[in-house]
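These notes are about the structure you will find just below.
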Amino acid sequence: MRRQLWGPALVLALITSAASLTSAGAAEEREPRPLRELYDNRAVSEDGRPGAADFDGQGRSLPAAALRAAGWQVGARPAVEGTRLDWPVSRPGRPDNVRAHGQRVAVEGRGDALTFLVAGTGGEATGIGTVHYRDGGHSRYRLTAPDWRTGPLATKAVALPYLNSREGRVADRPRLYVVTVPLDAGRTVESVRLPHVRGQGRSLHVFDLRVRPAAEGWTGSWSASTAGLPEVGPWRDQTLRLVVNPTKSGPTARVRLSNTFAGTPVRVGSATVAVRAEGAAPRSTPVPLTFGGEESTVLPAGAEAVSDPVALAVEEGADLLVSLHLPGAVPSVPLHDKAVQKSYLSTPGDHAADADGAAYTGTVGTWPLLTGVDVSGGPGSVVVLGDSITEGVGTTEGANKRWTDALARRLRDQDRVPRYGVLNQGISANRVLSDRYPGDGVSSDTGGVSALNRLDRDLLSQTSVRTVVLFEGINDVRWGASAEEVVGGLRQLAERARARGVRAVVTTLAPCEGESRCTPAVDAERTEINRALRADRDSFDAVLDFDRVLRDPDRPARMLPAYDSGDHLHPGEAGLQALADAVDLTVLDGRRGRAR
């Protein structure tokens, strides 16, 4: 065997070449690239060519036709959870997403969160990534993408009626998710390193990535949470005139609409806002609303829209009329069911700009599509996440006697803490732990998805939220949950809120002896929840003891009769006023940080 000899010059050349390659690779690794340039997977196929894409490594893919039907066609820009996303412009069968494995993505901007449009394949996919800031610093984040076929429907952005396989259509509910992760306040993002995903056969697919802008200069003045997707009408070429009561004044306003839970788009042909005189009649000619400069807008399935700002003097306590013309057939619509407020439905035609209420011959007791009204300026808002007690069940229709309304009036009439807007995110029958409404499809149940599943949408995406008040749990124990489970759920909610810089205040649970499901066993769990909350010095920024406010001192398991609405579960208007009066306003001050 002949031995090969390596000369010094050749050895040096090989070493130099290897070093050059290594250096070039390192330089390429350090240089962030746009997400689109990193696409390495094909997720979408046309029905006639299902083999052109292989999302999950088993020949299955998302159907382009179903995406188009949902409003997520090529080049669409759906807004979800406060972020306008870009659906890939790739033609079906071309690369349209990246499988995360440590790539560095060029993403710039300043905001309160990173928003990812994602899905997992092979199971839920989780990994740790890094945010790089312009000042040279960095922070780490954990990103979890639920599986595209088995993940929770309650938190999905959009679900489709079937998927494509090599053999053709398969009845299934493939879904995509929007996931947000917090950013360091006040720092400008320069780039984002995607996670390395652990778990054999699992992939985390990223379709888009954006910095969610903070709602600077705006305060949430009114809101309602989407509680379900029931059948309506059907409405066809009719106009809704919805009555809402703002909790914060301002010279400029904008409205927020949401098509949450829906499977198809909804078109709003025109929209207006006005201060109400009485009934469906405005004080003056309604002000037209536009969306990106256009008088009409289409909300894709699961997406939302925020109007352009309009000059309108919003007054605290003076009702607004938000009118939405729906030109197409609307057989079902996402809505807040128990508004405790009469709103109006017109005869056929576009009556959004009507300066009187003559065309509004029908009434509705819900808030369809409308989820928020913001005003310019102000210090931000307090969000109350609750159930029917917060929603105001049993109070006088249109009188604004919810405890959150009374709290808003107290905040307006003082100067010890900022005069926050108060956003009521109560849903009748809602629970901390389990979903009443499954989060997908038309359903008569409007109890909403669980507080844990709606937190991102109903709290973290609200405008300029500073503090959250968590007043939930009684429905959980009434339907079999343990005190340990409920307290654990409340702690999770507080932890997620505080991770976003939101002050977390919890309340004890009110007594309900005499209501059919409030048995002695249920009261024992309720009492244990309250004991645990009062003793917890770390999980929450403050505890409001609503149990002590409402209970009968001589019989602590029941509500004081003077505060009872009569059903032994819901406080009457005197009880709700007592709750608002008992709140130490200083615990709502979002400037106080996390000190208890």
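Pairwise alpha-carbon distances in the range 69-132 exceed 19 Å for 45% of all pairs. Calculated mean residue ellipticity at 222 nm for the chain: -5000 deg cm²/dmol, from DSSP H runs with n ≥ 4 weighted as -39500 (n - 2.57), summed, divided by the residue count and rounded to 500. In a fully extended conformation the segment linking Ala521 and Arg140 would gain 132.7 nm over its present Cα-Cα distance, using 0.36 nm per residue.
In a shell of Cβ-Cβ distance under 14 Å around Pro282, excluding Pro282 itself, what net charge do Lys and Arg (+1) and Asp and Glu (-1) give? Provide the component values of the computation, followed by the final result.
Working: positive: Arg241, Arg276, Arg283; negative: Glu278, Glu315, Asp319, Asp354, Asp356.
With Lys, Arg at +1 and Asp, Glu at -1, the neighbours total -2.
On the range 449-583, 46 percent of the accessible area sits on carbon and sulfur atoms, based on a 1.4 Å probe.
Each of Val442 and Thr285 was given a label point 7 Å from its Cα along the Cα-to-Cβ line. The distance between the two points is 3.9 nm.
With protein chains left intact and a 1.4 Å probe, residues in the chain average 40 Å² of accessible area per residue.
In square nanometres, what is one fourth of the surface area of the convex hull spanned by the alpha carbons of the range 428-579?
Computed as one quarter of the Cα hull surface, the answer is 9.5 nm².
Distance distribution P(r), the range 408-484, all Cα-Cα pairs, bin width 5 angstrom from 0: 3, 14, 20, 20, 16, 12, 9, 5, 2, 0 percent.
Which helices of the chain meet both criteria: a Cα extent of 15 Å or more along the helical axis and a mean Kyte-Doolittle score no lower than 0.5, with helices taken as whole DSSP H segments?
Span-like helices in the chain: 8-30.
With R₀ set to 22 Å, the beta-carbon distance separating Leu585 from Arg548 gives a calculated FRET efficiency near 0.80. Using a 1.4 Å probe on the protein chains only, how many percent of the accessible area of the range 281-366 belongs to carbon and sulfur? In the range 281-366, the share of accessible area belonging to carbon and sulfur is 52 percent. Based on Cα atoms of the chain, Rg over Rh with Rh as the Kirkwood radius reads 1.03.
With q set to 0.11, 0.15, 0.17 Å⁻¹, the log10 of I(q)/I(0) for the range 182-258, from the Debye formula over equal scatterers at the Cα positions, is -0.66, -0.93, -1.00. Farthest toward the positive end of the dipole of the chain, out of Ala578, Gly93, Ala274, is the Cα of Gly93, where the dipole comes from beta carbon charges about the Cα centre. Pairs of Cα atoms in the range 241-331 fall into 10 Å distance bins, from 0 up to the last occupied one, in shares of 16, 47, 30, 6 percent. Taking all protein chains as they are arranged and a probe of 1.4 Å, the heavy atoms of His351 leave approximately 40 Å² accessible to solvent.
Report the FRET efficiency, 1/(1 + (r/R0)^6), for Glu528 and Asp356, where r is their Cβ-Cβ distance and R0 is 45 Å, rounded to 0.05. Result of the calculation: an efficiency of 0.20.
Where does the charge balance sit around Pro174 when Lys and Arg score +1, Asp and Glu -1, over other residues with C-beta under 9 Å from its C-beta? It works out to a net charge of +3. Here the gap between Arg68 and Glu495, fully extended at 0.36 nm per residue and compared with their Cα-Cα distance, gives a gain of 150.0 nm. Taking Lys and Arg as +1 and Asp and Glu as -1, the other residues whose beta-carbon sits under 12 Å from that of His351 total -3.
The values are calculated or read from the model by the stated rules, or taken from the named source; none is laboratory data. Quick caveat, the model's predicted, so the values are computed rather than measured. All Cβ positions, even for glycine, are placed from backbone atoms using ideal geometry, and neighbour counts span all protein chains on display. Accessible surface areas use protein heavy atoms only, side chains included; no ligands, DNA or RNA. Shrake-Rupley method; radii C 1.70, N 1.55, O 1.52, S 1.80 Å.
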